[in-house]
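The values are calculated or read from the model by the stated rules, or taken from the named source; none is laboratory data. Please read all numbers here as calculations on a predicted model, not as lab measurements. FYI the Cβ positions are ideal-geometry reconstructions off the backbone, even for glycines, and counts take in every protein chain you see. For the accessible areas, the whole protein counts, side chains as well, though only heavy atoms, and no ligand, DNA or RNA atoms are used. Shrake-Rupley method; radii C 1.70, N 1.55, O 1.52, S 1.80 Å.
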Amino acid sequence: MTTAKGEFELTGWDENPYLEVDEKRKLTRASVTQEFRGDVAGAGSVEWLMSYQPDGTARFVGLQRIEGTVGGEQGSVVLETVGDFDGTEAKGTWTVIAGSGTGGLAELRGTGSFTAPHGPKAAYEFEYSLR
């Protein structure tokens with residue numbers, strides 16, 4: 001396994017509730033675009049479903065597609081993402097969905113994590129194999 005590190009920046013965020021339980025509890029869907037830099041480089045897009053709690057925290061799950069390069073190989077891949085927002089910072093994990101890769105990323109396997117303080121930039125770390 002190889003370790004990739006870098007950052008991504010949010011370039012678009014469109015979030016809307018699809019169920020409001022009460023004043024503080026709600027379920028939302030966010031369509032988000034990103035730009036990746038570092039050992040993973042390229043454009044990302046993700047659809048997150050989020051469950052907000054009365055204390056302002058949230059749990060999120062989603063499918064994220066990255067088109068670009070990993071380890072010098074070009075292609076695209078889909079990641080399953082899961083995480084939590086504590087009110088000031090989001091932390092999540094990624095898992096490559098087997099069979100989702102294209103081009104030089106067709107055989108990509110791996111898992112990773114990211115930390116995103118409130119704002120547009122986040123840091124990631126990704127353990128992967130290309131074969």
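Annotations
- Test: Thr3 is without any contact (Cβ under 8 Å) to a residue 60 or more places away in the chain and among the hydroxyl-bearing types (Ser, Thr, Tyr): no
- Selected residue (criterion: nearest to Val82 (Cα to Cα)) from residues of region 93-115 that are β-branched (Val, Ile, Thr) and in a strand (DSSP E or B): Thr93
- Test: residue in region 47-66 that is free of Cβ contacts under 8 Å to residues at least 24 places away in the same chain and either acidic (Asp, Glu) or farther than 18 Å from Arg29 by Cα (or both): yes
- Residue in region 14-24 that is in a strand (DSSP E or B), at pLDDT 95 or above and surrounded by 15 or more Cβ atoms within 10 Å (Cβ to Cβ) present: no
- Selection count where residues are open to solvent by 20 Å² or more (accessible area, probe 1.4 Å), closer than 22 Å to Ala98 by Cβ and either under 16 Å from the mean Cα position of the chain (by Cα) or of a type in the set (Ser, Thr, Tyr) (or both), scope region 71-87: 3
- Flag for Gly68 being over 15 Å from the mean Cα position of the chain (by Cα) and surrounded by 16 or more Cβ atoms within 10 Å (Cβ to Cβ): no
- Hey, Gly83 modelled with pLDDT under 95, small (Gly, Ala, Ser) and farther than 21 Å from Met1 by Cα or not: no
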